[in-house]
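**Student:** Sending over a structure as structure tokens; questions will come in a sec.
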Amino acid sequence: MILPLAAVNLIMSAIIRQMTASDSEAVIRIYQEGMDTGQATFQIQAPVWSDWDQTHLPDLRFVAISNGQIAGWAALSPVSSRCVYAGVAEVSLYIGSAFRGQKIGFALMEHLIEASEKAGFWTLQSGIFPENVASIKLHHKCGFRTIGIREKVGERNGVWRDTVLLERRSHTVNYFI
């Protein structure tokens with residue numbers, strides 16, 4: 001699946017496509033780059049591909065390609081195995097260090113939102129460290145709202161960290177009527 005031409009132009013000729021297993025090395029490398037910033041996740045070591053693959057929804061994972069390289073990725077994970085939460089997913093979005101600041105994150109997020117709605121998801125959520133201002137701004141720009149702070153919810157390298165909880169409710173998938 002490719003973005004509309006107008007969106008492609010916004011991100012300097014990057015294209016968004018479905019992630020495949022052959023992308024695994026780049027996906028895990030970019031994930032580790034995010035972890036190495038200390039501002040992306042509680043994890044400090046990227047998992048092996050088979051573990052990553054098991055926790056992300058197969059049809060809702062995408063990569064951005066720029067200049068022939070994987071520049072970033074976005075994927076959804078279910079928040080619960082309970083059927084009542086079948087339309088709620090958690091967002092993961094990571095951009096390679098060489099490609100940050102090029103609007104690739106925005107293009108990936110918009111693509112992920114559109115694909116999630118086509119798949120019937122009514123709520124997307126993210127937990128972000130408060131210090132990761134760029135990610136919080138991206139989420140707000142894409143229609144997420146801050147719904148709270150989870151104080152000292154987890155430990156990373158001996159430091160207890162807060163996360164900002166954000167969510168986006170679909171405007172097209174409506175199960176509330």
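**Student:** As a check on your grasp of the helix formula, calculate [θ] at 222 nm for the chain: sum -39500 (n - 2.57) over DSSP H runs of n ≥ 4, divide by the residue count, round to the nearest 500. Present the calculation step by step, with values, prior to reporting the outcome.
**Tutor:** On the way: 5 runs with 50 residues, N = 177.
Using -39500 (n - 2.57) per qualifying helix, the result is -8500 deg cm²/dmol.
**Student:** At 7 Å along the Cα-to-beta-carbon direction for both Val173 and Thr20, put a label point, then send me their distance in nm to one decimal.
**Tutor:** 2.6
**Student:** Under a Cβ-Cβ cut-off of 10 Å, what is the net charge of the residues other than Val27 that fall near it, where Lys and Arg count +1 and Asp and Glu count -1?
**Tutor:** Working: positive: Arg29, Arg61; negative: Asp23, Glu25, Asp53.
Cβ neighbours under 10 Å give a net charge of -1.
**Student:** Now for a separate question. Would you list which lysines come within 23 Å of Lys141, measuring only between C-alpha atoms, while excluding same-chain residues fewer than 8 positions from it?
**Tutor:** Within the straight-line limit of under 23 Å, Lys141 reaches these lysines: Lys103, Lys118.
**Student:** Can you check what the net charge comes to around Trp73, using other residues whose Cβ is under 15 Å from the Cβ of Trp73 (Lys, Arg +1; Asp, Glu -1)? If you can, show how the numbers build up before the last one.
**Tutor:** On the way: positive: Arg17, Arg29, Arg61, Arg100; negative: Asp23, Glu25, Glu33, Asp53, Asp59, Glu90, Glu110.
Local net charge: -3.
**Student:** Let me ask you something else. Arrange Met35, Met109 by Cβ neighbour counts within 10 Å, fewest through most, would you? Walk me through the numbers on the way to the answer.
**Tutor:** Values: Met35 18, Met109 24.
Sorted ascending by nearby Cβ count, the order is Met35, Met109.
**Student:** Sorting Tyr85, Tyr31 on the 10 Å Cβ count, fewest up front, what's the list?
**Tutor:** Numbers: Tyr85 12, Tyr31 21.
Listed from fewest to most nearby Cβ atoms, that is Tyr85, Tyr31.
**Student:** Would you work out if the stretch 1-130 is rounded, prolate or oblate? Take a ≥ b ≥ c from the square roots of the eigenvalues of the alpha-carbon gyration tensor; rounded if a/c is under 1.5, else prolate when a/b is larger than b/c, oblate otherwise.
**Tutor:** oblate
**Student:** Using Cα-Cα distances under 8 Å and only pairs 6 or more residues apart, what relative contact order does the stretch 5-124 have, in percent?
**Tutor:** 27
**Student:** Which aspartates and glutamates, on any chain, are close to Lys152 with Cα under 13 Å apart, when same-chain ones fewer than 8 places away are left out?
**Tutor:** Filter leaves Asp162.
Since every read-out is calculated from the coordinates, none of them should be taken as a lab result. What you see is a predicted model; the values in this text were computed from it and never measured. Virtual Cβ from ideal backbone geometry, glycine too; neighbours counted across all protein chains shown.
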